[in-house]
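Notes to accompany the following structure.
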Amino acid sequence: MAENFQMLIRGLGIAISPMNLFACIIGGIMGLIVGAVPGIGAVAGCSLLLPITYSINPTAAIIMLAGIYYGNMYGGAYSAILLNIPGDSPAVITALEGHPLTKKGLAGKALYTANYASFIGGTIGILFLTAIGAPLARIGLKFGPAETASLIFMALTSIGWLLGDNPAKGLIATGLGVMISNIGMDASSANFRYTFGSTSLLSGIDFIPLVIGMFGLSQVLLLMTDNSAQAEANKFKGKLKLRESFLKKKEMTRLLPTNIRASILGTFIGFLPGAGGTTGGFLSYMLEKKVNKNRDKMDGKQGTLEGICASESANNAAAAGAFIPLLSFGIPGSSTTAVLLGGLLAWGLKPGPLLFQNEPDFVWGLIGSMYIGNIICLAIGMAAIPFMVKLLKIQNNILAPMIIVVCIVGAYANNNSMFDVVVMLAAGVLSYFMQKKGIGVTPLILAYVLAPLFEMKVRQALAISNGDITTFVTKPISLFFLLVAFTLLIAPVIVKTVKKKTEKRSLA
Amino acid sequence: MISEIIFAGLIIVISVIWMIIGIFQLGFWDPSAAAGSGFIPTVFAAVTLVSSIMVIISNLKQKKASNNKKGDTETKENTEEQDLQEGADNTAENETSNINAWKEKLKPIIPVAFCIFGIICLELFGLVITTFTITFGWLLFVSRTEWKKSLMISVIFTLVIYVIFELWLEVPFPGEIIRL
């Protein structure tokens, strides 16, 4: 480990060379902007900006791409908190807990929390990468399809915590999310499913137009009918003060345990192949809903700093964690790291255990730059918040057409497809009706994100075991996750029954 | 309550279609590769189906309970003649409030109409004209903002969108007739 830190100092020296530092700053800024613009997202952002890096040397190029990647994670929180449009899937929970705070006039505080949590999460993730990257990656490799399927199953069952007062309605939302994700080509068998003869549906329903419609457009529709909500939102806009937006020392201390828990869990999820920041952020949120002192307020309606902190710490830690299998074994932990892998291969670098030996300057230069990039993103993010808070003072009747334009343009820009804009519109209308009928949208989005991976891993596990369903309980790691999932499902029922019995006894 | 039942009914229809396609077309269980393409869709469609039925049942129970309550109140009201007279006077007021309530209910059609207009406009005229028209049109006619202010906001916003999406990200927007 000591040797690793010596190498890190060498890497920091490489990272602060003028060219690499410039690449890191530019990458961070571009990532932040692209992340904040709804409709682009980390994968598309990295892919769009990949050609820019071709004109510079490989180390500076990958430093810039990494900057875009974690800058994106910072930026995704801005549109989630301010407009209720998650820039990317990891920011769904941030929108759930952050946007209610914007409605209460606490947008500045929510943004500072997101930035602070992103910084701590990212730093802890990079520390893990520096200290025990290789051993962690070996643990990650022990996660076969059965283990990952059980982990995702645990996450899917925990959606129950977001279902609200009516579990049946929550299950409808979850089921709809899974059903929407079924449309298009089946990744395992290459069969086309539920396309009903439409060529536009062959590639399925994309996440970006779905989330823009569900969260962004539906908000304008709801504002049109809910005059009291509009008046209330405008009332808070007049009261927005930057001075009151800063996080107090007391609040930072209060958030620290959440920060650390979420960062560790996020890093762990990040290095599992395919799991990614969304699963990390969601599981951390679920953990906080169980252990946090303010867990009763974490219902997606009131908005809490803890909820934002859990989501942002975990997804930034997962972004750093995803570099562990990428650099150590050449296995991308997420779609964005798959784009980064493509970049590495394009520059003739072969990720794997030998990369650390053959290209130490590159690897440690990259890791060193991640520390610097994280500080740069924090500084830029903090500097941008006053401007964001000022933007929020725009009245809703002026903001509404801008949201509509951003929804249309963002949905189109995703795949340069007009069909995606139609999907966005349909998703917005569906979301409006769901919310009017008291059916939450968040379970639908989370189920939509988690279901394809869950399905793929379940089918892989069953195919490997020749259809033997006991494969999920005979593997210790998988069994552990299943036991946790069932405990989470059964525990609230037992607690409720015990409470009722105790109340009856005390009344008697 | 009725709209909730209709919504749940629609979900039931979709779930049944999902299950039929999942079992009979895609295959629930494939002996060679274990779970078939229809395995997960069918399982989750079944969960959705059961949940929708539960929502309908609970709504019908609620409706029955509220009907019983309503029936009791109406019986009491019928015994008082004065109330009947007042009821007749209130009819005109109720009609006006009904029209207003419907107006409020139909308001969400406005953003939907703007979106449909935006889709057509983007296809024909590209990004700049679409962004400007939606922003200016909304500010002027929906928000009732002063035209000079509307114009200024629309121009600035169109410029920002143009710089980000067209100049920087180079998104190839359509524009069959005119493309600025």
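Annotations
- The residues in segment A:143-167 that are over 17 Å from residue A:265 (Cα atoms), modelled with pLDDT under 80 and either more than 22 Å from the chain's Cα centre (by Cα) or crowded, with 24+ Cβ neighbours inside 10 Å (or both) can be counted, and the count is 3.
- Some residue of segment A:397-412 being out of contact with any Leu (no Cβ under 7 Å at 6 or more places or on another chain), more than 28 Å from residue A:106 (Cβ to Cβ) and more than 9 Å from chain B (Cβ to nearest Cβ): yes
- Which listed residue is within 8 Å of chain A (Cβ to nearest Cβ) and either touching a Leu at 6+ places or on another chain (Cβ under 9 Å) or within 22 Å of residue A:457 (Cα to Cα) (or both), from B:15, B:58: B:15
- Members of segment B:167-180 that are at positive phi and more than 10 Å from chain A (Cβ to nearest Cβ): B:175
- Residue within segment B:54-65 that is within 26 Å of residue A:453 (Cβ to Cβ) and under 22 Å from the mean Cα position of the chain (by Cα) present: no
- Within segment A:470-487, being aliphatic (A, V, I, L, M), closer than 21 Å to residue B:43 by Cα and at pLDDT below 85 holds for one residue alone: A:485.
- Residue in segment B:103-121 that is farther than 21 Å from residue A:224 by Cβ and surrounded by 15 or more Cβ atoms within 10 Å (Cβ to Cβ) present: no
- Within segment B:34-60, the residues that satisfy the criterion of being surrounded by fewer than 21 Cβ atoms within 10 Å (Cβ to Cβ), free of Cβ contacts under 8 Å to residues at least 12 places away in the same chain and closer than 24 Å to residue A:156 by Cα are B:43, B:47, B:50, B:54.
- Among the conditions (1) crowded, with 19+ Cβ neighbours inside 10 Å; (2) part of a helix (DSSP H, G or I); (3) facing chain B (nearest Cβ under 9 Å); (4) not polar (S, T, N, Q), residue A:463 misses just one, which is (1).
- Scanning segment B:99-136 for residues that are more than 8 Å from chain A (Cβ to nearest Cβ), free of Cβ contacts under 8 Å to residues at least 24 places away in the same chain and either outside any helix (DSSP H, G or I) or small (Gly, Ala, Ser) (or both) yields B:101, B:113.
- Summed over segment B:18-33, the residues that are surrounded by fewer than 20 Cβ atoms within 10 Å (Cβ to Cβ), at the interface with chain A (Cβ under 8 Å from one of its Cβ atoms) and at pLDDT 90 or above give a count of 1.
- Residue selected from segment B:137-166 under the condition of a type in the set (S, T, N, Q) and more than 21 Å from residue A:414 (Cβ to Cβ), by the criterion nearest to the other protein chains (Cβ to nearest Cβ): B:143
- Criterion: of a type in the set (D, E, K, R), more than 25 Å from residue B:5 (Cα to Cα), over 21 Å from the mean Cα position of the chain (by Cα) and part of a helix (DSSP H, G or I) - qualifying residue of A:455, A:503: A:503
- Residue within segment A:426-437 that is closer than 24 Å to residue B:41 by Cα, in a helix (DSSP H, G or I), more than 7 Å from every other protein chain (Cβ to nearest Cβ) and among the aromatic types (Phe, Trp, Tyr) present: no
The values are calculated or read from the model by the stated rules, or taken from the named source; none is laboratory data. Bear in mind that the values here come from a model prediction, so they are computed numbers and not experimental data. All Cβ positions, even for glycine, are placed from backbone atoms using ideal geometry, and neighbour counts span all protein chains on display.
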